[in-house]
Structure formats: structure tokens, C-alpha cells
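Written out below as C-alpha cells is the structure these notes cover.
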Amino acid sequence: MKTESKKLERGQVELTIELTVDEYQPFLESAAKKISQDSKIPGFRPGKAGLDVVKQKVGEDSIWQEALESAVQKTFVKALDEKKLVTVGSPQIDIVKLAPGNPVVYKATIALMPNVEVGDYSKVEIKKKPIEADKEELKKALANLQKMRAKESLVDREAKKGDKVDIDFETFMDKVPIENGKSEKFQLVIGEGSFIPGFEDNLIGVKKGDTKEFELEFPKEYHQKNLAGRKANFKIKVNGVFQLDLPELNDEFAKGLGQFKNMKELEDQIKNNIKQDLERKENQRIEEEMLDKIIEKSKFDDLPDILIDSETKKMIQELEQNLAGQGVKFDDYLNHLNKKREDLLLEFAPQATKRVKSALVIRKVGEKENIRASEKDIDAEVEQAKKMYAGNPEIEKQLNDLAYRGYLRNIITARKVVDHLKSIMVK
């Protein structure tokens, strides 16, 4: 087998692989056997007719074509081993020559795993910030609990701050209704600032059955760029005004939540939740700063487009899953932003590049420090997942799959590498 390599741009390599007729012969025989298995050939049991017999039955071209896929799969892997190349993604295969009695020639265009020269991280220090549950956060959490337990009562009076109003509204720009600018039975609490500045102020003093028109300017940093900084007219109709009576924050309120004996227990639990959330965010900040500083000190080969494309698509999928968890459809989210999926892919590209570089750094540090997940580590993760999905045979089957174990191996190894870097860099 003859293999020639040619370096391309963007971290790609083109391999030209040539097989002699003799080297292609075993693949022809296997192909003939497969054709014999699938076709009825008089005088022979399925799979038992020889190459010459099958050639007379289906023609030589058909056998050469049938043999191609298997030949490419096996010889491509062999070529990578010979050239000591580590690839990412699937190769693009182009057949150069496939004719009976002649050498078989094909080209494989592949993206290489980028090489990384990791900078010296042993002297880099990351400062850990002290974590303390803020009193304002506690007050905010308690206030949210109050609102969740508030009693609503329909009132026949003018709306005031703290009331909830039910309205229909429509938005116009230059007397033309804007897309997705209409809503019915829309509810909001006056004073919470959940709508654009000035909107809720215009609801103070309205009563059930009232209609009102007013003009407001969208904030310059508004998420819909086509509306940001522009003036719009709003037409509203009031369906109802509701008074919200908040319960008093006392021991009875805490007991009513079903798991606390008094307010102290409730506040302690909230403080603990806030602290855990702050610790999670601080840990996330530390990891991000740590990897950013290593990336700054490191040198990377060209990153193949396939890596960036794959990561941006993964980020879109993560966003879709998060939105689905909140009951929001992805298409509705895009319409709200006045964007297309392609727009998000472009916007995510810089962050995707950073994530790819972080993964490459973690991989290289793991190799350098000889850090890897043990089979015991993987077994423990599998057992934990089996307990979580007990009674679901389909998922339990997937948990025993070698591919899933490979996925866990990568995840656990990355976790161990990050922990190792923290032990060195975080002070």
C-alpha cells in the first residue's frame, strides 16, 4: 500500500492511498462472498460461490464496487497508523481510480487533532473569593416566597403599585403592528420592573374595562436589535385588577411550607441554599479563569473547522434543552430575538473556540501529568446511573455499552485534570 500526505489549511491533511491489484484481492473475495450470500446462484449454497462464478453472474465492475467500502475502511485506518496521525470527525473520501485490473486510488481529507504546547501553569495563582450569604439575597428569597403564597382578590378600583393587572395589549411602530408585539390576558405586577421602563407606570390608575394608549422608547440595549432605542405606541385594554395580600413572615408561615418548625429553620435553609449557589458560581469562575490563563500561555495549531462547528452545534443543543426545561419552544425564542439559528451559530463561534481550546488544554495536561480515569471510577459512575434509571431496561442497556464507558472515561478524566490544576493554581 502506498500512502502520500499533503498538508492543507485549517488543520487538515489530504492522504492519497493506492492499493495494488494484489492488495485489493482479499476485499474482492469478501465482496464476492457477500454477493453470493445475498443473491441466488444456481448450484451453490448462499455464500459458497467463488469469485470467478460470481464475476460471471453479476459482472466484474459490481464486485470491485462492492469491495470498495470495506477496503477504504481498513486501509484508511492503516494509513493513519503509518503516518501516526490523530484525527477528529469523519474523513471526506474521494475515489480517484476504480477500474478492474488497475490499482485502486482514493483520497481522504481529514481534520487533525490540533497539537498544543501548554504554557507553564505551575506559577500561576488564582485567588479564591470568600463566600458569604448576602442579607439582601435572603430578603429577596423570602419576598419571592411571600409572593408565591399571596392571596389574589379581584378589586373594583384603580390599580396601584403592588397590584397585579390582567391586560390585552398591542404594539405599533410607525402605526404598523410589530411582529410578536401582541398579547392577550397578559399578567404583570406593577412595580416589579418585568416590562420595559415606563410600561408599568402607565398602568397605575387604570380600572377594569379601561383602554389606554401611550408611547415609550425601547431601551438602547434591548435584546431585539430592530426595536432597541426606537419609539413604539402601545394600546392596552384592562381585563382586571387584582389586589395581592402577602402573608406575614412568621413561624406560622414557615410551618405552612411543610418542612420547617419556625422562621429560623426556614432562613437557615435559604442561607444554605444561597451559599451553595454562590460556591457553585465561584467554582465556575475559578475554573474559567484558570483555563483562560493557561490558554493565554499556550500555543495551538490551527483549529479544524469541524471542531468549532461541532462545539457551536452542541451549544445550540444545550440552549434548546434549557429552554425546553422552562417550557419555552426554541422557535418562539428565536422569534422573540428576531434571529435565525444561523445567527446564533455565528454568535456562539468565539465561545465555542474558547471551549475547544479549554478541552485541548485539559487533554494535554492529562497526558503530561499521566491523569486518567480508572475502570473503578467508571464502574462507580455506571452503578450510580443504574440506580437513577432503575426499571428502565432500554437505558440500562445503554449504560453497559462500551461507547458510554468511553464517554464516561473522558468526562471523569477531565474532572480529575481540573481538580489537579486547582490544587496547583488556586490559593
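No value in this document is a laboratory result; all are computed from the given coordinates. On a predicted model such as this, the values are computed, not experimentally measured, just so you know. Backbone-built Cβ (ideal geometry, glycine too); neighbour counts: all protein chains shown.
Dipole magnitude for segment 328-420: about 360 debye, using +1 per Lys or Arg Cβ and -1 per Asp or Glu Cβ, origin at the Cα centre. Take the Cα radius of gyration of the chain and divide it by 2.2 N^0.38 Å, N being the number of residues; the result is 1.47. Ranking 300, 349, 244 by how far each Cα lies toward the positive end of the dipole of the chain (charges on Cβ) leaves 300 at the top. Could you give the nm distance between label points at residue 259 and residue 95, where each point is 7 Å from its Cα heading toward the beta carbon? Label-label distance for residue 259 and residue 95, simple model: 6.3 nm.
Note on the chain: dipole from Cβ charges, positive end direction compared against 392, 144, 95; the farthest Cα belongs to 392. Taking label points 7 Å from Cα along the Cα-to-Cβ direction, residue 367 and residue 156 give a separation of 7.9 nm.
A straight Cα-to-Cα reach below 14 Å connects residue 339 with the aspartates and glutamates 179, 331, 347, residues fewer than 8 places away in its own chain not being considered. In this structure, residue 319 and residue 25 have a Cβ-Cβ separation that, at R0 = 60 Å, corresponds to a calculated FRET efficiency of about 0.70. Across segment 226-240, coupling constants 3J(HN,Hα) worked out from phi with the 6.51/-1.76/1.60 Karplus curve, θ = phi - 60°, read 6, 10, 3, x, 9, 8, 9, 9, 10, 10, 10, 10, 8, 8, x Hz, and Gly and Pro carry x.
Angle between the Cα long axis of helix 60-83 and the longest principal axis of the chain, 0 to 90 degrees, nearest 10? Around 70 degrees separate the two axes. Alpha-carbon geometry of segment 369-427: the Rg and the Dmax are 14.0, 46 Å, given in that order. Rounding to the nearest 10 and keeping the result within 0 to 90°, find how far the Cα-based axis of helix 135-148 lies from the longest principal axis of the chain. The angle comes out near 80 degrees.
Projecting the Cα atoms of 121, 68, 371 onto the charge dipole of the chain (Cβ charges, centred on the Cα centre) puts 371 farthest toward the positive pole.
Rounded to 0.05, the FRET efficiency of the residue 309 and residue 139 pair, given R0 = 51 Å and the Cβ-Cβ distance, is 0.65. Phi angles of segment 169-185 translate, via the Karplus equation with coefficients 6.51, -1.76, 1.60 and θ = phi - 60°, into HN-Hα couplings of 8, 9, 10, 10, 10, 6, 6, 10, x, 8, 5, 6, x, 10, 8, 10, 6 Hz per residue; Gly and Pro are given as x. Taking a straight line from the alpha carbon of residue 237, these aspartates and glutamates sit under 17 Å away, with near neighbours fewer than eight places off in the same chain left out: 156, 158, 163, 166, 168, 170, 184, 200, 201, 210, 213, 215. Phi angles across segment 322-339 convert, under the Karplus curve 6.51 cos²θ - 1.76 cosθ + 1.60 with θ = phi - 60°, into 3J(HN,Hα) values of 5, 5, 4, x, 9, x, 10, 7, 4, 5, 5, 4, 5, 4, 4, 7, 6, 9 Hz, Gly and Pro given as x.
Measuring between alpha carbons in the structure, the pairs from 140/235; 185/220; 368/422; 293/354; 2/107; 128/293 lying more than 21 angstrom apart are 140/235; 185/220.
Give me the dipole magnitude in Debye, nearest 20, for segment 369-427 about the Cα centre, with unit charges on the beta carbon: positive for Lys and Arg, negative for Asp and Glu.
Details: 11 positive and 10 negative charges, 58 e Å.
So the magnitude is around 280 debye.
Rounded to the nearest 10 degrees, the inclination of helix 375-388 to the longest alpha-carbon principal axis of the chain is 50 degrees.
Using every alpha carbon pair in segment 228-335, what percent of pairs falls into each 5 Å bin from 0 up to the bin containing the largest distance? Binned Cα distances yield the sequence 2, 8, 7, 7, 11, 13, 14, 12, 11, 7, 4, 3, 1.
Note down the magnitude of the dipole of segment 151-245 about its Cα centre, charges +1 on Lys and Arg C-beta and -1 on Asp and Glu C-beta and zero elsewhere, to the nearest 20 debye.
Values: 17 positive and 19 negative charges, 20 e Å.
Charge dipole of segment 151-245: 100 debye, to the nearest 20.
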